[in-house]
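Trainee: Take a look at this one; I'll ask things after.
Each reported figure results from applying straightforward, stated rules to the coordinates on display, with no laboratory input. For clarity, every value in this text was computed on a predicted model and none was experimentally measured. Glycine gets a Cβ as well: all are built from the backbone with ideal geometry, and neighbour counts include every protein chain shown.
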Amino acid sequence: MSGAAALRKPYRSLRRQREAAEFGLWVFLGSEVMFFAGALTAYAVYRALWAEAFTAAARETSIFYGTLNTAILLTSSLAMAAAAEAARAGLRRMTLRCLGLTIALGLAFLAVKGLEYREDIQKHLVPGNGFALAEPKAQIFFAFYWLLTGVHALHMVIGLGVVATLLVQAWRRRRPLASPAFEAAGLYWHFVDIVWIVLYPLLYLAGRA
Amino acid sequence: MSDVTAERAIPDTPPAEENYLTAGTSLASWLLTTDHKRVALLYMATITVFFFLGGAAAVMMRIELVTPQGDLLSDDAYNRAFTFHGVVMVWFFLIPSIPNILGNFLLPLMIGAKDLAFPRLNLLSWYIFVIAGILAIYTLLAGGVDTGWTFYTPLSTAFANGQVLAAAAAVFVAGFSTIATSVNFIATVHLLRAPGLTWLRLPLFVWAIYATSIVMVLATPVLAMVLLLIFAERAFGIPIFDPLRGGDPILFQHLFWFYSHPAVYIMILPSFGVISELVTCFARRRVFGYNFMVYAILWIALVGFLVWGHHMFVSGQSMLANLVFSFLSFVVAVPSAIKVFNWTSTLYRGQIVFDAAMIYALGFIGLFTIGGLTGLFLASVPVDVHVTDTYFVVAHFHYIMVGGAVSALYGGLTFWWPKITGRMHPESWARFAAILMFFGFGFTFFPMFIMGFLGMPRRYHIYAPEYQIWHVLASAGAVLLAVAYLLPMGYFGWSLFRGRRATANPWGATGLEWQTSSPPPKENFFAPPVVLQGPYNYHPEHAGPPSLEREPHEPQGGPTERAP
């Protein structure tokens with residue numbers, strides 16, 4: 001697979017095309033940052049307003065599942081970074097293995113998250129009638145818990161779809177390893193990872209210090 | 001007379017070489033195109049539909065408001081009409097109009113690129129927009145929304161009985177289209193400029209689209225999140241803004257206006273770019289203070305993020321916050337004033353030609369100035385408290401968005417129509433429409449300043465009889481305005497089939513888009529362009545405009561004494 005096969009229309013050089021893919025993704029991630037920033041600002045406002053209710057509510061989240069998932073996700077980012085570097089270096093088998101590992105760890109994260117959600121539902125931690133905690137403001141904490149982790153999980157699903165597509169394309173040799181898509185997918189994956197690194201202390205460690 | 005001979009001298013034969021319109025004529029060649037010029041036309045068709053829909057809602061309101069009684073629409077129907085008008089006009093017409101029609105078409109041409117940085121993403125963003133549009137139309141067919149375009153809580157989450165979820169979903173999805181387009185534009189400007197086209201040689205239209213895209217990328221996701229919060233609260237009963245469970249409705253307003261005030265600049269910044277192109281071309285002048293025009297655009301984009309609180313002077317914000325936001329709102333007026341003064345200075349000693357596009361541009365400058373100055377009224381807290389939620393506010397933002405952005409859209413379409421279609425529109429009809437739009441606009445919206453200042457509240461359809469005269473004036477003006485909007489659709493459509501063939505550069509304008517044929521070939525340029533000079537090179541930089549060579553400037557008020 002030569003570089004010319006990966007060159008697409010408006011570009012005159014592959015280097016510029018790679019720059020564009022990465023640059024475009026960085027701009028998109030700027031947008032994503034603002035997306036989460038909106039919810040995190042609201043979280044910060046309510047945490048400042050109802051500090052005690054928030055710390056009490058945060059103690060109800062499952063620190064075991066949360067910590068396990070943090071470890072899984074950080075490892076998956078390592079695999080993704082290795083995959084992107086391997087693709088850039090043209091190492092086909094290494095790329096395929098690392099992409100596969102990334103997908104496996106991503107699925108493991110979602111599975112653990114599913115177990116956690118099931119436990120949360122059993123403990124009546126869904127806001128609304130029959131909520132486990134008496135303090136109504138604790139419901140706001142769990143509103144953010146469900147919303148933020150849900151939106152994060154949705155990002156994980158999209159990331160898994162992208163990585164799986166790349167894996168299949170690379171495996172069938174339909175996408176050259178020189179394609180900037182591997183690096184771009186890596187950037188997105190790391191971003192989703194970083195979001196979790198912000199969510200983990202806000203949702204699991206608050207009130208446990 | 002020489003004009004006429006020049007017109008006849010142009011042979012009216014189809015161009016020999018293939019252009020982007022003739023390269024593939026099947027439906028699939030349009031619906032699966034990745035050519036930015038074709039995507040721009042797809043957007044034009046879609047956005048025109050929404051302009052009609054939003055306009056229809058406005059017509060219903062203007063007819064209803066002719067009499068002080070509610071005789072045409074019920075209370076509920078009136079609420080739904082103005083909400084639909086607001087939602088459609090803001091998110092499905094004004095925000096996408098200039099960036100997605102003119103920006104999509106012109107950005108690669110103006111910087112000498114073959115296409116946008118991500119051509120397939122560009123097509124995808126159109127499809128996302130269409131899905132959002134279908135959701136918006138579904139909202140209408142399912143009964144409409146009655147919250148106003150602002151979706152204020154707890155009205156939208158707990159009390160409104162319209163299709164809030166569908167409307168929120170429509171706007172949410174439209175946001176993805178906006179973000180995709182703006183990421184594309186930013187990457188294009190950064191990475192695909194022609195050799196020699198340095199940042200400070202970019203046409204101001206490119207700068208304006210670039211700054212708009214940055215605002216879109218950073219503001220739209222906040223709206224997406226706040227709509228998601230509304231959606232979650234209304235659909236699943238998850239408390240975010242519910243005061244009964246400790247939620248704060250004012251927080252919603254902060255988040256909403258954090259997006260929606262920058263959105264005002266999303267709507268008006270592209271017009272600044274259009275007007276800069278028109279004024280320079282039809283005054284045959286370099287733009288006055290190019291660098292400051294660029295700084296002003298970027299300044300507006302930045303400070304526009306810091307003024308959202310001026311929408312909330314009466315919402316229970318602290319007085320300190322009110323004063324800070326008031327001050328910042330005055331600060332953001334400075335770069336807008338710089339732009340108006342620089343356009344005016346560009347006209348000074350120019351060889352002004354009153355072509356239709358120029359009439360739109362001059363109308364824009366006047367209307368935008370009125371809109372901007374009344375914005376200062378609203379930025380000062382005591383005046384704002386008096387006119388909050390009155391027609392004064394309605395008049396103010398229509399001066400910016402309709403008098404400003406829509407005038408610029410029509411002016412831009414008139415200017416670039418020969419480039420887009422390869423046909424000339426009938427110039428006299430276009431001048432008539434431009435003048436009619438200016439006066440129709442004035443008759444429609446100026447009375448609203450007066451009745452608003454007298455106390456006529458917005459969003460009311462049954463009102464005190466003393467305001468009727470102003471409403472009748474506004475409704476009568478709206479008829480003129482409607483004609484002025486419909487007329488171009490008629491003669492533009494006519495020109496597609498019967499219009500004179502356009503030359504590559506019918507206005508004698510500078511700018512790379514005029515260096516290629518009209519309409520451009522599929523890959524935009526026959527040979528990759530190289531840029532050797534700055535924009536608006538209508539006369540040698542230090543020599544002044546050509547008019548100086550012909551007659552010396554005489555100050556008004558009689559001849560002055562000259563040294564012999």
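Trainee: Per DSSP H run of n ≥ 4, the term is -39500 (n - 2.57); total these for chain B, divide by its residue number, and report the mean residue ellipticity at 222 nm rounded to 500 deg cm²/dmol. Can you show the working numbers first?
Mentor: On the way: 18 runs with 342 residues, N = 564.
The helix-only estimate for chain B comes to -20500 deg cm²/dmol at 222 nm.
Trainee: Compute the separation of the alpha-carbon centres of the stretch B:257-275 and the stretch A:36-92 and state it in Å as a whole number.
Mentor: The two parts, judged by their Cα centres, are 34 Å apart.
Trainee: Another question, if that's okay. With viscosity set to 1.002 mPa s and temperature to 20 °C, compute the Stokes-Einstein D of chain A, Rh being the Kirkwood radius across alpha carbon pairs; µm²/s, no decimals.
Mentor: Details: Rh = 18.7 Å.
Translational D for this selection: 115 µm²/s.
Trainee: Kirkwood Rh, the protein assembly as shown, all Cα pairs: how many Å?
Mentor: Details: mean 1/r = 0.0354 Å⁻¹.
Averaging 1/r across every pair of different Cα atoms and inverting gives 28.3 Å.
Trainee: Can you give the relative contact order of the stretch B:263-397 as a percent, counting alpha carbon pairs under 8 Å and 6+ residues apart?
Mentor: Numbers: 116 pairs, mean separation 46.2, N = 135.
Relative contact order of the stretch B:263-397: 34 percent.
Trainee: Could you give the angle, 0 to 90 degrees to the nearest 10, between helix B:204-236's Cα long axis and the longest principal axis of the Cα atoms of chain B?
Mentor: 20
Trainee: Please compute the contact order of the stretch A:12-205 in relative form: average sequence separation of alpha-carbon pairs under 8 Å and at least six residues apart, divided by the residue count, as a percent. Please list the in-between numbers first.
Mentor: Values: 172 pairs, mean separation 67.6, N = 194.
The value is 35 percent.
Trainee: Also: List the lysines whose Cα lies under 20 Å from the Cα of residue A:123, skipping any in the same chain that are fewer than 8 positions away.
Mentor: The qualifying lysines are A:113, A:137.
Trainee: Moving on to the next point. Can you give me the Cα centroid spacing of the stretch B:192-226 and the stretch A:113-154 in angstrom?
Mentor: 40
Trainee: How high is the FRET efficiency from residue B:45 to residue B:142, r the C-beta distance, R0 25 Å, rounded to 0.05? Walk me through the intermediate numbers first.
Mentor: On the way: r = 24 Å, r/R0 = 0.97.
For residue B:45 and residue B:142, the calculated efficiency is 0.55.
Trainee: Something else about it: Quick one: if you take sqrt(5λ) for each eigenvalue of the C-alpha gyration tensor of chain B, what semi-axes come out, biggest first, whole angstrom?
Mentor: Calculated on Cα positions only, the semi-axes equal 39, 28, 24 Å.
Trainee: Counting other Cβ atoms within 10 Å of each Cβ, which trypsin sites (Lys or Arg not before Pro) in the stretch A:5-41 have at most 14 and sit in a DSSP loop? Intermediate values should be presented prior to the final figure.
Mentor: Values: sites: A:8, A:12, A:15, A:16, A:18; in loops: A:8, A:12.
Here the sparse-neighbourhood loop sites are A:12.
Trainee: Can you pull a Stokes-Einstein diffusion coefficient for the stretch B:251-294 at 20 °C (1.002 mPa s), Rh from Kirkwood over Cα pairs, as a whole number of µm²/s? If you can, show how the numbers build up before the last one.
Mentor: Numbers: Rh = 12.5 Å.
This corresponds to a translational diffusion coefficient of 172 µm²/s.
Trainee: Here's something else I'd like to know. Enumerate by residue number the trypsin sites (Lys or Arg not before Pro) in the stretch A:135-209 meeting two conditions: DSSP loop (anything except H, G, I, E, B), and at most 15 other Cβ atoms within 10 Å of the site's Cβ.
Mentor: Values: sites: A:137, A:172, A:173, A:174, A:208; in loops: A:172, A:173, A:174, A:208.
Here the trypsin sites (Lys or Arg not before Pro) that fit, given the DSSP loop and packing criteria, are A:172, A:173, A:174, A:208.
Trainee: What list do you get for A:171, B:149, B:91 if you sort them by fewest beta carbons within 10 Å?
Mentor: On the way: A:171 14, B:149 18, B:91 28.
Starting with the residue having the fewest Cβ neighbours, the order is A:171, B:149, B:91.
Trainee: Sticking with this one: Quote the relative contact order of chain B in percent (integer), defining contacts as alpha-carbon pairs under 8 Å separated by 6+ residues. Don't jump to the answer; show the numbers that get you there.
Mentor: Working: 877 pairs, mean separation 102.0, N = 564.
Taking the mean separation of contacting Cα pairs over the length of chain B, I get 18 percent.
Trainee: Now a separate question. What value, in deg cm²/dmol to 500, does the helix sum -39500 (n - 2.57) over DSSP H runs of n ≥ 4 give at 222 nm once divided by the residues of chain A? Spell out each step's value before the answer.
Mentor: Working: 6 runs with 158 residues, N = 209.
Per the formula, -27000 deg cm²/dmol.
Trainee: To the nearest 10 degrees, how steep is helix A:136-171 against the longest Cα principal axis of chain A, on a 0 to 90 scale?
Mentor: Around 20 degrees separate the two axes.
Trainee: Aspartates and glutamates near residue B:114 by alpha-carbon distance under 18 Å, same-chain residues fewer than 8 away left out - which ones?
Mentor: A:19, B:17, B:18, B:35, B:513, B:523
Trainee: So, one more: Hey, in the GNM for chain A with a 10 angstrom Cα cutoff, which one of A:170, A:134, A:21 fluctuates hardest?
Mentor: A:134
Trainee: Where does helix A:92-122 land angle-wise versus the long Cα axis of chain A, in degrees 0 to 90, nearest 10?
Mentor: 10
Trainee: In this model, which of A:9/B:37; B:37/B:419; B:37/B:339; A:9/B:522 are farther than 22 Å apart at the alpha-carbon?
Mentor: Details: A:9/B:37 14 Å; B:37/B:419 11 Å; B:37/B:339 29 Å; A:9/B:522 12 Å.
Table pairs above 22 Å Cα-Cα are B:37/B:339.
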